[in-house]
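Comments concern the structure below.
Read-outs: derived from the displayed coordinates by stated rules, not from any lab. The shown structure was predicted, so the numbers you read here are calculated from the model rather than taken from an experiment. Ideal geometry is used to build each Cβ from the backbone, glycine not excepted, and the neighbour counts take in all protein chains shown.
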Amino acid sequence: MGVEVTVEGLTKSFGRQVIWENVSLTLPKGEISVLLGPSGTGKSVFLKHLVGLLRPDRGHVWIGDKDVPNVSERELYEVRKMFGVLFQDGALFGSMTIFDNVAFPLREHTKKSESDIKRIVMEKLELTGLTGSEEKLPGEISGGMRKRVAIAQTLICEPEIILMDEPFTHLDAQARLFMEEDLLDLFVDGKRTILFVTHDLDEAIALSDVVVVMSAGPASTIRARQRIEFRRPRDLLGVRRDPGFGELSAALWRQLHEEVARVYGREAGDRLRSVPQA
Ligand SMILES: Nc1ncnc2c1ncn2[C@@H]1O[C@H](COP(=O)(O)OP(=O)(O)OP(=O)(O)O)[C@@H](O)[C@H]1O
Ligand SMILES: [Mg+2]
């Protein structure tokens, strides 16, 4: 079940700006991986390579036995059907209702009847707390609600591979927790391969099986790949009280801090003294 996603030797520049240098990373099938790293270093660019929206200068992106940069247009279309992607700046169709926005991928990629579509869309709207808003337009709902519409849209075709670029920004802390818990319930079947991008370290540890920390650019690489072994199903608040959680958080925080300090040309010194030792 699930599909392994393997990136090998990914190298990408825009003009003279080297974004990624010889990066290799496997997203294990059936697991949740989380990508963390300083702003502007290439996380969103990484995601776009996985779905073939950007082509690497060198390297491979294996989705099962298909190498995304080297497949035909037709194969790429088939590969993309395996993905549900929530882009960081993903926009909704402004003139379509919430219902039609969420239904859009189903109508594009499947031959389901309108009654099936209605049932599936309403299910996902309920999951994301949007029941009752289905006839509204994106301009008539809040930023957090629009984010939840995008999450519903990402999940609508039951994708095997899910990429979500900062899915929980704009949500208040309580809604964030509900969404995270509901997504974990959905993903617990281990049938999907999932990659989140977030800037929230504790959220990353609580949710994931693997936390990946990127180094600061230019020419980013993977600084650390940390397995998270807390048993599932997880209590997302309870797990934060586990002594092991504090240790992991402190260790990863130090690494992230050093990378962010590099971006800002600062010494990664003084502020670290207040961080518990791992
Ligand atoms: N299509 C493009 N053409 C040229 N440069 C690009 C393009 N897309 C991204 N970049 C550059 O690549 C770098 C990495 O961008 P990216 O959006 O991946 O950062 P990020 O790690 O996702 O940051 P954030 O955490 O702020 O979202 C940035 O310097 C950006 O300007
Ligand atoms: Mg980004």
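Numbers at a glance
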read-out: Between 0 and 90°, nearest 10: helix 143-155 axis offset from the chain longest Cα axis; value: 80
read-out: For peptides 88-98, 31-41, sequence by mean Cβ density within 10 Å, most packed first; value: 31-41, 88-98
read-out: Under the Karplus curve 6.51 cos²θ - 1.76 cosθ + 1.60, θ = phi - 60°, whole-Hz ³J(HN,Hα) for the range 213-224, x wherever Gly or Pro sits; value: 9, 8, 7, 5, x, x, 6, 5, 9, 8, 7, 8
read-out: Bridge type composition, the chain - antiparallel percent by DSSP, nearest 5; value: 50
read-out: Length-normalised contact order of the chain in % [C-alpha pairs under 8 Å, at least 6 apart]; value: 25
read-out: Pairs beyond 25 Å (Cα-Cα), from Lys43/Lys147; Lys29/Lys136; Lys29/Lys112; Lys43/Lys111; Lys48/Lys111; Lys111/Lys147; value: Lys29/Lys136; Lys29/Lys112; Lys43/Lys111; Lys48/Lys111; Lys111/Lys147
read-out: Whole-number D in µm²/s for the range 63-187 (Stokes-Einstein; Kirkwood sum over Cα pairs; 10 °C, 1.306 mPa s); value: 104
read-out: Residues with amide H under 5 Å from that of Arg223, placed H, sequence gap 5 or more; value: Val213, Met214, Ser215
read-out: Of all DSSP beta bridges in the range 152-273, antiparallel share, percent nearest 5; value: 50
read-out: Residue-averaged [θ]222 nm for the chain, counting only DSSP H segments that reach four residues, each worth -39500 (n - 2.57); value: -11000 deg cm²/dmol
read-out: 4 °C / 1.567 mPa s Stokes-Einstein diffusion coefficient of the range 30-137, Kirkwood radius on C-alpha pairs, µm²/s; value: 79
read-out: Cα centroid separation, the range 187-261 to the range 37-62 (Å); value: 20
read-out: Whole-Hz couplings from phi, Karplus 6.51/-1.76/1.60, listed for the range 92-106; x for Gly and Pro; value: 8, 6, x, 9, 9, 5, 4, 4, 5, 4, 5, 6, 3, x, 5
read-out: Computed FRET value (nearest 0.05) for Arg107 with Asp65, which takes r as the C-beta separation and R₀ as 51 Å; value: 0.95
read-out: Hull volume in cubic angstrom per residue (convex hull over the Cα atoms of the chain); value: 143
read-out: Between 0 and 90°, nearest 10: helix 243-263 axis offset from the chain longest Cα axis; value: 80
